[in-house]
Amino acid sequence: LVAAKPSKSESVYKSRPNDPEAIYFTPENYPITADGKTDVSDALQQAVNDVKSRYNFGVLFVPEGTYKISKTIYMPPAVRLIGYGENRPTFVLAKNSPGFQEEVADDKGRSKYMFWFTGNMVAEGQTPRDASAGTFYSAMSNVDVKIEDGNPWAIAFRTHFAQHSFISNVDIHIGSARAGLFDVGNAMENVRFFGGQYGIYNTKTSPGWQMMV
């Protein structure tokens, strides 16, 4: 038997949203190339932090393209990353990225994450504080993610956030890695999982109540 090829993901924001208060992850604003070959990890983290620093909340818009990362991106409270374009932007965890090969013994999920929704803004050298029942408005929408081979302990998202927080319109290509989501939070809509040891790997939601799927 041959598995049917999954249908292509559809972008729900096909044109550039016009938001004067938002930050745009574009070559005009950050030293990046969306070619899937150039590592944009540091620039992406800076853009996320810029949203938080400027307003304490807000949106980072990311145009279509392929964005290679090789380390965890920390998403502080009330920051939303939203993709746009005829095709959804795709974030790719590069093959054999540092730290994703071994079990992380002192981590709750015993794993390492592409995107970690936190309860604080994580500066260089600072310890991340996990999102909690007090973490509101965090989100990621209209993007796809892919974990390349050689990252067996990778999980795409750590999402222990609470009210008004969500993951929506996301395809997660887990491949040979551990999972798509760890410690799910408030809500999830139109999320598809491909491969992986788990789709969702969960303990108890941060506020202790159910999650809307």
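Counting only residues that are farther than 24 Å from Ser15 by Cβ and either part of a strand (DSSP E or B) or within 14 Å of the chain's Cα centre (by Cα) (or both), the stretch 54-77 holds 10 of them.
Within the stretch 145-155, not a single residue is open to solvent by 10 Å² or more (accessible area, probe 1.4 Å), over 16 Å from Asn96 (Cα atoms) and at pLDDT 95 or above. The single condition among (1) open to solvent by 10 Å² or more (accessible area, probe 1.4 Å); (2) free of Cβ contacts under 8 Å to residues at least 60 places away in the same chain; (3) out of contact with any Leu (no Cβ under 8 Å at 6 or more places or on another chain) that Ser70 does not meet is (3). Consider the stretch 106-118 and keep the residues that are touching a Ser or Thr at 6+ places or on another chain (Cβ under 6 Å) and open to solvent by less than 20 Å² (accessible area, probe 1.4 Å). The one that is nearest to Ile82 (Cα to Cα) is Phe117. Checked against (1) closer than 10 Å to Ala156 by Cβ; (2) in contact with an Asp or Glu (Cβ under 7 Å, 6 or more places away or on another chain), Arg192 passes all but condition (1).
If the condition is being closer than 21 Å to Ala139 by Cβ and either of a type in the set (A, V, I, L, M) or not in a loop (DSSP other than H, G, I, E, B) (or both), then the stretch 78-113 contributes Ala78, Val79, Arg80, Leu81, Ile82, Gly83, Tyr84, Thr90, Phe91, Val92, Leu93, Tyr113. In the stretch 169-190, of all residues being among the aliphatic types (A, V, I, L, M) and crowded, with 21+ Cβ neighbours inside 10 Å, the one that is farthest from Val104 (Cα to Cα) corresponds to Val170. Against the test of being at pLDDT 95 or above and surrounded by fewer than 12 Cβ atoms within 10 Å (Cβ to Cβ), the options Glu10, Glu64, Glu102 yield a single qualifying residue, Glu102.
This table checks each residue for (1) under 30 Å from Gly119 (Cβ atoms); (2) of a type in the set (D, E, K, R).
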residue	(1), (2)
Lys8	no, yes
Asn18	no, no
Tyr24	yes, no
Asn29	yes, no
Gly36	no, no
Asp39	yes, yes
Leu44	yes, no
Ser53	yes, no
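The values are calculated or read from the model by the stated rules, or taken from the named source; none is laboratory data. Just so you know, these numbers come straight off a predicted model, no measurement behind them. Here the Cβ is made from the backbone with ideal geometry for all residues, glycine too, and neighbour counts use every protein chain on show. Quick note on the areas: whole protein, heavy atoms, side chains included, nothing else; ligands and nucleic acids left out. Shrake-Rupley method; radii C 1.70, N 1.55, O 1.52, S 1.80 Å.
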